[in-house]
Amino acid sequence: MSTRKPYVRPMTGWWLKNPVYIRYILRESTAVFVGIYAVILLIGLIRLSSGEAAWNGWIDAMRSPGAILFHCVALGAAVYHAITWFAVAPKVMPPLYFKGEKVPVEKLVTAQYILAGVIYLVLLGLILWS
Amino acid sequence: MHKRSNEPIVWSLFGAGGVVVAYSMPVFILITGIAVPMGIVSADVLAYDRLAGFAAGWFGKLFLLVIISLPLWQSVHRIFLSLHDFGITGGEVFFRVVLYGAALWGTLLPLYLLIGM
């Protein structure tokens, strides 16, 4: 057995030391809520495929206070994911040109907000009124 | 022979999932998790006949597969890359198998269920 005991600098709570790191961890943490919600949807699909009684049981489960609380937090996480996604997307995709000029990042971010607003409204319309 | 990385495939699923989450998930969470359970909108919106009918058509099947599977890939990829940030530095193979395995399961199971609906 080795008697060597190298010093390893403790890194616990490193992300609390800078607002940029906190926002980074917040952004990455949205993945946990996204994953849990996707599993909730998957369970819903399993229940849907098992018939009406099973599906109604899933709907009832969504009515528990804990479920509603989770979904309120998950909604915040999904919106935060969207905001950060729209901010990063223009930086990771190839530059876009319009009339020979590079489209500025701010315009691409705004365009995504408009597109998201339109898609949200269309989805809400289809779900609620059709 | 040069070993090819599976990173492009995983990243593509992550990217597609991120887009799906950003452009649609807030609406779904609002409807299934808040508005219908709290009675803000009628439960008829998520009535069995309506959803089962939707899942019976090919467009509905594709739609449901996309909104369940792709967010899972987005989620597990992000969680995998964040493990290091929380001091979890070992067990890379284990976490790869568990996380990406879960996403694969979350793709094949809905695919199987939807085909039979």
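Can you pull out the buried accessible area for chains A and B, both sides counted, probe 1.4 Å, rounded to the nearest 100 Å²?
Details: alone 10690 and 8420 Å², together 14690 Å².
It comes to approximately 4400 Å² buried between A and B.
Using only the Cα atoms of the stretch B:10-66, build the gyration tensor, take square roots of its eigenvalues as a ≥ b ≥ c, and label the shape rounded, prolate or oblate: rounded if a/c is under 1.5, else prolate if a/b is larger than b/c, else oblate. Each step should come with its number before you reach the end.
Values: a/c = 4.15, a/b = 1.41, b/c = 2.94.
It comes out oblate by the Cα gyration axes.
Put a dot 7 Å past each Cα toward the Cβ at B:Phe54 and A:Val88; how far apart are the dots in nm?
The answer from the label model is 2.8 nm.
Any chance you could check the stretch A:63-98 for residues losing 40 Å² or more of accessible area when the partner protein chains are in, compared with the chain on its own (1.4 Å probe)?
Relative to the lone chain, where solvent access is computed with a 1.4 Å probe, the stretch A:63-98 loses at least 40 Å² at A:Arg63, A:Ile68, A:His71, A:Leu75, A:Ala78, A:His81, A:Trp85.
How shielded is B:74-87 by partner chains, expressed as the average number of their Cβ atoms within 10 Å of its Cβ atoms?
Working: counts 7, 11, 4, 1, 9, 6, 1, 2, 7, 0, 1, 7, 6, 4.
Neighbouring Cβ atoms belonging to other protein chains average 5 per residue here.
For the stretch B:3-117, what's the relative contact order in percent, using C-alpha pairs closer than 8 Å and at least 6 residues apart? Can you show the working numbers first?
Values: 75 pairs, mean separation 40.5, N = 115.
In percent, rounded to a whole number, it is 35.
Which lysines, if any, have their Cα less than 22 Å from the Cα of A:Lys102, not counting same-chain residues under 8 positions apart?
Cα-Cα hits under 22 Å: A:Lys91.
Mind running the shape call on chain A? Use the C-alpha gyration tensor, a ≥ b ≥ c as the square roots of the eigenvalues: rounded below 1.5 for a/c, prolate if a/b tops b/c, oblate otherwise. It would help to have the intermediate numbers written out before the result.
Details: a/c = 2.63, a/b = 1.12, b/c = 2.34.
Oblate shape, in that a/c is at least 1.5 and b/c is the bigger or equal ratio.
So with the 1.4 Å probe, I'd like the accessible area per residue for the stretch A:24-65, rounded to whole Å².
Details: 1760 Å² over 42 residues.
It amounts to 42 Å² per residue over the stretch A:24-65.
Starting from the 7 Å offset along Cα-to-Cβ, what nm value, one decimal, do you get for the label separation of A:Arg4 and B:Ser12?
For A:Arg4 paired with B:Ser12, the spin-label model returns 4.3 nm.
What number, rounded to the nearest 500 deg cm²/dmol, is the helix-based mean residue ellipticity at 222 nm of chain B, given -39500 (n - 2.57) per DSSP H run of at least four residues and division by all its residues? Mind dumping the intermediate values first?
Numbers: 4 runs with 80 residues, N = 117.
That comes out to -23500 deg cm²/dmol.
Could you tell me what percent of the accessible area of the protein assembly as shown is made up of carbon and sulfur, with a 1.4 Å probe and every protein chain present?
Solvent-exposed carbon and sulfur of the protein assembly as shown make up 72 percent of the total.
What FRET efficiency, computed as 1/(1 + (r/R0)^6) with R0 = 35 Å and r the Cβ-Cβ distance, is obtained for B:Leu81 and B:Ala47, rounded to the nearest 0.05?
Values: r = 40 Å, r/R0 = 1.14.
For B:Leu81 and B:Ala47, the calculated efficiency is 0.30.
At 1.4 Å probe radius, can you tell me the per residue accessible area of the stretch B:7-115 in Å²?
47 Å²
The values are calculated or read from the model by the stated rules, or taken from the named source; none is laboratory data. Owing to the predicted nature of the structure, the values given are computational and were not obtained by experimental measurement. When we count neighbours, we look across all protein chains shown, and the Cβ atoms used for this are built from the backbone with ideal geometry, even at glycine. Just so you know, the surface numbers come from the protein's heavy atoms only, side chains and all, with ligands and any DNA or RNA stripped out. Shrake-Rupley method; radii C 1.70, N 1.55, O 1.52, S 1.80 Å.
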